[in-house]
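What follows is a short report on a single structure.
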Amino acid sequence: KAALGEFAEHGFDGARMRAIADAAEANLGLLTYYFQDKVRLWRAAVSHAFEQLQSELAEVLAPRPEDDERVELALLVQRFVRFIARNPEFMQLMNDEGKRDGPRMRWLADRFVRPLYDVIRTRVEHAQAGGLLPPIHPAHLHYLVLGAAGLAFSQAAECKRVTGIDPTTDEFADAHAAAIVSLLAGAR
């Protein structure tokens, strides 16, 4: 958690192992012992964050044909938004890494983002075939939802300053998720 926060705040190049050790109230030597270098620590932090996200979404992403697809899609958005609300550093890091074509972005995309995208794309295409989602290419929907879901939380200070609303509350996260679902469902 400390490493993810440091990487999100300062980027990979600006992050310092000493600052991560201090934030984690750990000995710097232990970080080096367990992770060897900053790249391995970064990968461990990102892997841990994605494991948490996957755990949060696992129940909703599991194929269950007897469930109401509209409810499942709304629940998927709600769980993702809640995850981002509780872990804004995750979205900050992903935004930072995703804007450059480099080895870390490729590692993230190949290991985590593409597999998750492929699972969700299948669900989106099925929902589109059933008229539950607008006929927009899944890539557009993917980035529309990512942007809509994450921006208020990765820029929480600005959101609070501009709107007077604290986006870190569960109530805001749930209302934000409902607004995204409403936009998607109403866009047909």
| Inverse of mean 1/r across different Cα pairs in the chain, Kirkwood, Å | 17.8
| note | Per residue, accessible area of region 92-188 with a 1.4 Å probe, heavy atoms of protein chains only, in Å², comes to 60
| message | As an exercise, use a Förster radius of 22 Å and the Cβ-Cβ distance of residue 107 and residue 16 to find the FRET efficiency, rounded to the nearest 0.05. | response | 0.55
| said: Just to verify a number: FRET efficiency for residue 86 and residue 129, C-beta to C-beta distance, R0 = 30 Å, to 0.05? | reply: 0.35
| How large, in percent, is the carbon and sulfur part of the accessible surface of the chain at a probe radius of 1.4 Å? | 56
| remark: In whole Hz, the Karplus estimates of ³J(HN,Hα) for region 174-185 (6.51, -1.76, 1.60; θ = phi - 60°; x where Gly or Pro) are 5, 5, 5, 4, 4, 5, 4, 4, 4, 4, 5, 6
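First measure r as the distance between the Cβ atoms of residue 99 and residue 165, then evaluate 1/(1 + (r/R0)^6) with R0 = 25 Å and state the FRET efficiency to the nearest 0.05. Working shown, then result.
Values: r = 27 Å, r/R0 = 1.09.
Efficiency, from the Cβ-Cβ distance: 0.35.
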| said: From the phi angles alone, apply the Karplus equation (6.51, -1.76, 1.60; θ = phi - 60°) to region 127-144 and give each ³J(HN,Hα) in whole Hz, x where the residue is Gly or Pro. | reply: 5, 5, 4, x, x, 7, 10, x, x, 10, 3, x, 4, 5, 4, 4, 6, 5
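The values are calculated or read from the model by the stated rules, or taken from the named source; none is laboratory data. All figures in this text were calculated on a predicted structure; none of them were measured in a lab. When we count neighbours, we look across all protein chains shown, and the Cβ atoms used for this are built from the backbone with ideal geometry, even at glycine. Each accessible area value is taken on the protein alone, full model and side chains, heavy atoms only, with ligands, DNA and RNA left out. Shrake-Rupley method; radii C 1.70, N 1.55, O 1.52, S 1.80 Å.
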